[in-house]
Amino acid sequence: MAWMSWTLPTALFFTGIAVILVGMTAWQIISPCVERRGFLPLATTRGDRLFIGLLSSAFIHLAFVALTDVNIAVATVLCVLWMIILMRWG
Amino acid sequence: MQIKVENNKAWFLVLPVFIIVAFSAIIPLMTVVNYSVQDIFDPYTRYFVGTEWFEQVMQDSRLHEALIRQFIFSFTILIIEVPLGICVALMMPTKGRGASLALILVAIPLLIPWNVVGTIWQIFGRADIGLFGAFMTNIGIDYNYSSNPIDAWLTVVLMDVWHWTPLIALLCYSGLRSIPEVYYQAARIDQASRWAVFRYIQLPKLANVLVIGMLLRFMDSFMIYTEPFVLTGGGPGTATTFLSQSLVQQAIGQFDIGPAAAFSLVYFLIILLVCWVFYTTIMNMQKDK
């Protein structure tokens, strides 16, 4: 694994992604989701909303890095809030 | 009451594909993420730098210019290749030896390796020995793809259209062949015009293959490297330096692994976003119908 040049933050990041994927799979098995329409302009499943949330979170982080001098942790907190809103009402 | 039991055995059959994808795509991508947050001097000397490379890359004017060029290129070739591919597919014979011959002729550009395509067009476009270059010069157009940026762009776009329109044409051809004859019979009874047949029968039936064709062409053109590299080397100046060539210059030319990894991730996210928007829009248009 050393050739992959791991660091603690990236390891935590990928562990987080893996936990989310396993969790979503378990959630799907326990209670299969139905496509629905929330505040987003398209009907989405739970997995769609997760994908939209992760992709938009990546762009929010990039925007913070490119346009502001604010600590990246602020972007992460905002993204977590955004993900919760999106998963619940998206 | 009968309870439907879900059989999940099929997932085990997908497992080999998952393992291959993990080794060929997921693990390399994870490694790139690791590189993007470190300053790497050699395999044993590296320092964590956080988001520094991302800050550098996001403010890099070379990246912005290459990105704009890349979008202009991808949309230009899509605007040309999709309608042209549909026209070629509509004109191709459907029966007999002519059909087989047309299929082979149309497929030839797809069989040529990318670096050979670049070389073919490099020679084809030369004013002294190339057919296209000599023709342009003889009709009085001062054409030189190695010194004039507009000529370089024209040649790169022409080359891509020549190379990849057959893909759209073949996809559309197979889509057209799958339309049952009864649709055309109904159109004849209604005395539908040629345009009406195309607009209301052929085009809706082609929607699925066109989505795949456009996605493939967009992603492929967005990652184009070999052909312009061989043809123009990214020049004149940086006129035809697209994203992947900028990336290669940074990663291999200058051996800036960290910034190049950050650049790759931004590149990857843009492709992911555009493809998702594209796919979702077209799929929703079909659902609304």
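The values are calculated or read from the model by the stated rules, or taken from the named source; none is laboratory data. Everything numeric in this text was worked out from a predicted model, so none of it was measured. Note that each Cβ is placed from the backbone with ideal geometry, even for glycine, and that neighbours are counted across all protein chains shown.
Of the residues A:Ile52, A:Ile30, A:Ile17, which is farther than 25 Å from B:Asp60 by Cα and away from every other protein chain (no Cβ under 11 Å)?
Only one candidate qualifies: A:Ile30.
Which members of the range B:42-62 meet the condition of being surrounded by fewer than 17 Cβ atoms within 10 Å (Cβ to Cβ) and in a strand (DSSP E or B)?
B:Asp42, B:Thr45, B:Tyr47, B:Phe48
Residue check: is B:Cys275 in a helix (DSSP H, G or I) and within 14 Å of chain A (Cβ to nearest Cβ)?
Yes, satisfied.
Anything in the range B:15-41 that is polar (S, T, N, Q) and either more than 7 Å from every other protein chain (Cβ to nearest Cβ) or in a helix (DSSP H, G or I) (or both)? List them, or say none.
Scanning the range B:15-41 gives B:Ser24, B:Thr31, B:Asn34, B:Ser36.
If we scan the range B:153-166, do we find a residue that is surrounded by 13 or more Cβ atoms within 10 Å (Cβ to Cβ) and more than 19 Å from the chain's Cα centre (by Cα)?
Scanning the range B:153-166, I find no residue that is surrounded by 13 or more Cβ atoms within 10 Å (Cβ to Cβ) and more than 19 Å from the chain's Cα centre (by Cα), so the answer is no.
Please state which one of B:Leu206, B:Leu210, B:Leu216 is at pLDDT below 95 and in contact with a helix residue (DSSP H, G or I) (Cβ under 6 Å, 6 or more places away or on another chain).
Result of the check over B:Leu206, B:Leu210, B:Leu216: B:Leu206.
Name the residue that is surrounded by the fewest Cβ atoms within 10 Å (Cβ to Cβ), counting only residues in the range A:52-68 that are more than 9 Å from the chain's Cα centre (by Cα) and aliphatic (A, V, I, L, M).
This residue is A:Leu67.
Return yes when B:Phe242 is surrounded by 19 or more Cβ atoms within 10 Å (Cβ to Cβ), under 17 Å from the mean Cα position of the chain (by Cα) and over 28 Å from A:Leu40 (Cβ atoms) and no when it is not.
yes
Name the one entry in A:Thr44, A:Thr10 that is hydroxyl-bearing (Ser, Thr, Tyr), under 26 Å from B:Phe278 (Cβ atoms) and surrounded by 11 or more Cβ atoms within 10 Å (Cβ to Cβ).
Going through A:Thr44, A:Thr10 in turn, just one is hydroxyl-bearing (Ser, Thr, Tyr), under 26 Å from B:Phe278 (Cβ atoms) and surrounded by 11 or more Cβ atoms within 10 Å (Cβ to Cβ): A:Thr44.
Are there helices (runs of 4 or more DSSP H) fully within the range B:188-232 with at least 1 residues that are closer than 17 Å to B:Leu167 by Cα and under 26 Å from the mean Cα position of the chain (by Cα)? List them.
It comes to B:203-222, B:226-231.
Can you confirm whether the range A:64-80 contains a residue that is out of contact with any strand residue (DSSP E or B) (no Cβ under 6 Å at 6 or more places or on another chain), touching a residue at least 24 places away in the same chain (Cβ under 8 Å) and within 13 Å of another protein chain (Cβ to nearest Cβ)?
Checked against the condition, which is being out of contact with any strand residue (DSSP E or B) (no Cβ under 6 Å at 6 or more places or on another chain), touching a residue at least 24 places away in the same chain (Cβ under 8 Å) and within 13 Å of another protein chain (Cβ to nearest Cβ), the range A:64-80 yields no hits at all.
In the range B:62-96, what count of residues is obtained for those that are free of Cβ contacts under 8 Å to residues at least 60 places away in the same chain and either within 14 Å of another protein chain (Cβ to nearest Cβ) or in contact with a Phe, Trp or Tyr (Cβ under 6 Å, 6 or more places away or on another chain) (or both)?
1
Any idea which of (1) within 18 Å of B:Ala66 (Cα to Cα); (2) at the interface with another protein chain (Cβ under 10 Å from one of its Cβ atoms) is the one B:Met283 doesn't satisfy?
(1)
Can you spot a residue in the range A:69-81 that is over 19 Å from B:Ala261 (Cα atoms), surrounded by 14 or more Cβ atoms within 10 Å (Cβ to Cβ) and of a type in the set (D, E, K, R)?
For the range A:69-81, residues over 19 Å from B:Ala261 (Cα atoms), surrounded by 14 or more Cβ atoms within 10 Å (Cβ to Cβ) and of a type in the set (D, E, K, R): absent.
Considering B:Phe263, B:Phe255, B:Phe268, which residue is away from every other protein chain (no Cβ under 11 Å), closer than 25 Å to A:Leu55 by Cα and among the aromatic types (Phe, Trp, Tyr)?
One residue alone meets the criteria, B:Phe263.
What are the residue pairs meeting all of these: first residue in the range B:42-61, first residue on the phi < 0 side of the Ramachandran plot and facing chain A (nearest Cβ under 7 Å), second residue assigned to a loop (DSSP other than H, G, I, E, B) and β-branched (Val, Ile, Thr), Cβ atoms under 7 Å, and 6 or more apart or on different chains?
These pairs meet every condition: B:Phe48/A:Thr7; B:Phe48/B:Val37.
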